[in-house]
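Note sheet for the following structure.
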Amino acid sequence: MPSYSIRKIGEILKSKQIGDADITIKNLLTDSRNVIYPSNSLFFAIKGDRHDGHTFIGDVYEKGVKAFVVEYVPESFQYDPNSVFLVVENVLIALQELAAYHRLQFTRPVIAVTGSNGKTVVKEWLYQAMHTDKHVVRSPKSYNSQIGVPLSVWQIEDFNDIAIIEAGISMPGEMEKLEKIIQPTVGLITNIGEPHQENFTDYKQKCDEKLKLFTHCKTIIYCKDHLLIDEALKSPAFASIAKKAWSKETGADVNVQSISSSQDKTVIQGVHNDDCSFTFEIPFTDEASIENSLHLITLLFTLGYDIAAIEKMLSQLSPVAMRLELKQGVNNCSIINDSYNSDLGSLTIALDYLEHQKQHARKTVILSDILQSGRSSESLYREVSGLLAQKNISRFIGIGPELCKYKSFFKEDSRFYTDTTSFINDINRESFVNETILLKGSRAFQFENILVFLEKKVHETVLEINLNALVHNLNYFRSLLKPGVKMVAMVKAFSYGSGSFEIANVLQFQRVDYLAVAFADEGVALRDAGITVPIMVMNPEKSSFNTIIRNHFEPEIYSFKELESFKVAVEKAGQKHFPVHLKMDTGMHRLGFMREELDTLVDWLRSTDAIKVQSVFSHLAGSDETQFDEFTRMQIDNFRYASDKIRNSLNYPIIRHILNSAGIERFPEAQFEMVRLGIGLYGISAVDQSQVKNVSTLKTNILQIKEIDMNESVGYSRRFIANRKTTIGILPIGYADGMHRILGNGVGKLMVNGYFVPIIGSICMDMCMVDLTGVVANEGDEVTIFGEGYPVTELAKQMKTIPYEVLTSISPRVKRIYYQE
């Protein structure tokens, strides 16, 4: 890692320094939750739209960090003389200026990769291609933002031969800042497409903005067939910059003559510089991979590699694991699968993700040798052992000859194997019980075999949960709140079908104020999984009162009978001032105290010290529909009257909340002190669906394909009779998985290879059938029931119901896979 004195950094940033401690800085820190090496870390207290880093200075300080870049020192913060504060006008700009200074110390080539799609894959393939003969540093995962880019550039060290930095933008004006940080010598743009289009007037504007990254490059790599890019590069701003293009037509530096794909490979034939013919084979067949490989080919030619070298590099390309996956393992274990990617930067990210998983106290890391790191093995594995110690890893298993060589650096009970096969042959699956296991391996070690060995076996229908999308949705709704307004996140009903502790872990990490469950047992499961956020129980049963009190849950109270019963339970437990949440019936007429009961309720609350009112709340009946807006405002007025009466009658502060997801979007004047986020968290908006992201994707695959003749039937009761020769596909999903029978007989449609195909015949318990006539499909192909490109709202319309019912109906036997980019 780079090393700068805190005084030198102060000079670079032209900051005002408070404190005289002499601290050597090696690590830059922007997230208070990810402290690894506190003594050498510099915390940047960045102010964002939703969070102010200054509020977390105390948390970071408690973890041992003593150096800070701030815009002000919080008055409430008491620091010792060993702390240093560098005061600047803008912390984010300071981070970027420090990274830009560090970049100037590096004189070797820097490749910048941007574009709408494929930039991470191209960056990783460049690394795969070149890292065997060069010391390559590249951005970790998708560190391509205004914060991610400076953190990526900070990783460049003297011994690196080349750097590959990914850059992404979401709005105009951002790329100029990234260009000053990266200062690339070579630029590559993949394409221009839909992602992040919402903040640009059109594709041309986005194209022009992205190309600002290359204004001082020596060379730009691109596809001449992308006419928007080709035309933009004719601008005088790029006149003096060399351009190297590829094309499926003619007139480019790399001209593609033919592309032919078979079952698992593609052969690309073409000419370089009009006189050098080539035939390259890549182990992929999809269009995106072919385009990405042609970007790579053009860049490698530009860097001076010959045909033989490129041919070898392409043949060894492997798929890029774009995400960390959380899966169910044997014996109640959880598995974090990152089995195709092993380097120090991505290990740090994966260990952070492991630390955030609170469902098991015991944490195991299975790690392969880190190949081609550019560092001495002794230095590398000393740092790895330090990382594991900082993260309090319970058990370490190292696989590879280098780890075996340096096993003395690790805890005595660690185990080591020269290869993956030796590990699988020696280990007993029963030795993994109630723990979270991180698999982190270089592709050569084939850790996918370990995943198969340790993964819980379930059938092939899965529900994928995109945790990045979940956080995006949380932050979208947070952005609508006034400062200081708290948030309850609804995780009842298995988090609307998405999972239990897996979702709660993310929400806890994102610092929500409350989690809400339906029943006490759901709360107990969360506590057992390490969830410490306050938990509200929305449907407390009398039989669960002792459980609620014992676990310090906070129950909803909606009637005098319930209030009296809970008071008795609290008094029996010898407690006082137990927090409860009073529900008012303001017009929905489900549960809750009525307006005419308020005087009696206030007198009752005054008469006891067993109960403390934590909040008063109500439930809106039609906040998502404009036709009910007058009724909604009436409910809000009723709630304001009731809550004010209670608050004014008791001598302590009481929180108020009435808004649900739709209410947050549509009635900002009624935020009060807290709101409740439910279906919006899982990707449904009442106002603008483009503002939220799809979280859940239910998918299966084709078990069998067969042809039937006209007049033949399909399924029980012969509900489908073919009126022509028909191709049918049989899928392993049925009503026991949550595929409602109402979708059968042509009502529902599923997506296969981009085509919508009807469900035919009656849906069975474990299977259903679709009409594949005219669709290019093979056995084993993926089928989307709902997800990205086919939202759950569409399936709900076909069922004549609401997305809530679809999501909560997915059976527990459907495997949930959680992933994070």
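The values are calculated or read from the model by the stated rules, or taken from the named source; none is laboratory data. Please read all numbers here as calculations on a predicted model, not as lab measurements. When we count neighbours, we look across all protein chains shown, and the Cβ atoms used for this are built from the backbone with ideal geometry, even at glycine. When the accessible area is computed, the model is the full protein with side chains, heavy atoms only, and any ligands, DNA or RNA have been set aside. Shrake-Rupley method; radii C 1.70, N 1.55, O 1.52, S 1.80 Å.
Details
- For segment 457-550: rounded, prolate or oblate by the Cα gyration tensor [a/c cutoff 1.5]: oblate
- With a simple spin-label model that places each label point 7 Å from the Cα along the Cα-to-Cβ direction, the separation between ASN90 and ARG741 comes to 6.3 nm.
- Lys/Arg +1, Asp/Glu -1 at C-beta; the chain dipole; positive extreme among SER544, VAL84, GLY251: SER544
- For segment 145-157, 3J(HN,Hα) per residue [Karplus equation, 6.51 cos²θ - 1.76 cosθ + 1.60, θ = phi - 60°, Hz, x = Gly/Pro]: 9, 4, 9, x, 4, x, 5, 5, 4, 4, 6, 5, 10
- Shape of segment 239-380, Cα gyration tensor, a/c cut at 1.5: prolate
- Highest mean first, the peptides 193-201, 25-33 sorted by other C-beta atoms within 10 Å per residue fall in the order 25-33, 193-201.
- Within the chain, helix-based [θ] at 222 nm, where runs of 4 or more DSSP H residues each add -39,500 (n - 2.57), nearest 500: -8500 deg cm²/dmol
- Surface composition of the chain: carbon and sulfur make up 48 percent of the accessible area, probe 1.4 Å.
- The DSSP beta bridges internal to the chain are antiparallel in roughly 40% of cases.
- In a reduced charge model with +1 at each Lys and Arg Cβ and -1 at each Asp and Glu Cβ, the chain shows a dipole moment near 1180 debye about its Cα centre.
- Ordering ALA242, ASN466, VAL271 by Cα displacement along the dipole of the chain toward the positive end leaves ASN466 in first place; charges were set at the Cβ atoms of Lys, Arg (+1) and Asp, Glu (-1).
- Residues LEU371 and CYS276, FRET efficiency given R0 of 25 Å [Cβ-Cβ distance, rounded to 0.05]: 0.20
- The phi torsions of segment 705-719, fed into the Karplus equation with coefficients 6.51, -1.76 and 1.60 and a -60° offset, translate into couplings of 10, 8, 9, 10, 8, 4, 6, 7, 10, 10, x, 4, 6, 6, 5 Hz, rounded to whole numbers, with Gly and Pro shown as x.
- Once the 1.4 Å probe is applied to the protein heavy atoms, the chain comes out at 42 Å² accessible per residue.
- Computed E for GLN257/THR215 - FRET, C-beta separation, R0 22 angstrom, nearest 0.05: 0.05
- Relative intensity, log₁₀ I(q)/I(0), of the chain from a Debye sum that treats every alpha carbon as a point, q = 0.05, 0.09, 0.11 Å⁻¹: -0.32, -1.06, -1.50
- Within segment 222-302, GluC sites (Glu not before Pro) in DSSP loop having at most 16 other beta-carbon neighbours inside 10 Å: GLU249
- For segment 557-619, the fraction of alpha-carbon pairs lying more than 19 Å apart is 26 percent, rounded to a whole number.
- Calculated FRET efficiency for the pair GLU412/THR107, C-beta based, R₀ 51 Å, to 0.05: 0.70
- Under the criterion of Cα pairs below 8 Å and six or more residues apart, the relative contact order for segment 1-102 equals 30 percent.
- Amide hydrogen neighbours beyond the local backbone of ILE611, cut-off 5 Å, H modeled: HIS577, PHE578
- Exposure rank, largest accessible area first [SER41, SER76; 1.4 Å]: SER76, SER41
- Ordered by 1.4 Å accessible area with all protein chains kept, THR266, THR793 run largest first as THR793, THR266.
- Residues whose amide H comes within less than 5 Å of that of ASN191, counting only those at least five positions distant or on another chain, are SER116, ASN117 (H built at 1.01 Å from N in the peptide plane).
- Relative contact order of the chain, taken over Cα pairs closer than 8 Å and 6 or more residues apart, is 8 percent.
- Selection from ILE46, THR600, VAL568, by position along the positive dipole direction of the chain (Cβ): VAL568
- Heavy-atom accessible area with a 1.4 Å probe sorts PHE238, PHE519, largest first, into PHE519, PHE238.
- Around the Cα centre of segment 715-821, unit charges on the Cβ atoms of Lys, Arg, Asp and Glu (plus for the first two, minus for the last two) sum to a dipole of about 500 debye.
- Size of electric dipole in segment 650-773: Cβ of Lys, Arg +1 and of Asp, Glu -1, about Cα centre, debye, nearest 20: 180 debye
- Part-to-part distance (alpha-carbon centres) for segment 107-157 and segment 756-792, which is given in Å: 39 Å
- Length gained when the stretch ASP629-GLU597 is fully extended (0.36 nm per residue, less Cα-Cα span): 8.9 nm
- For segment 277-302 versus segment 566-587, the spacing of their alpha-carbon centroids is 66 Å.
- Rounded, prolate or oblate (a/c below 1.5 giving rounded, otherwise prolate when a/b exceeds b/c) for segment 626-747 by Cα gyration tensor: prolate
- Across segment 322-431, the mean sequence separation of Cα contacts (distance under 8 Å, 6 or more residues apart), normalised by length, yields a relative contact order of 21 percent.
- Cα convex hull of segment 1-147, projected area averaged across orientations, nm²: 10.1 nm²
- Per-residue SASA remark: ARG108, around 100 Å² accessible (1.4 Å probe; ligands, DNA and RNA not included).
- Residues whose amide H comes within less than 5 Å of that of SER811, counting only those at least five positions distant or on another chain, are GLY738 (H built at 1.01 Å from N in the peptide plane).
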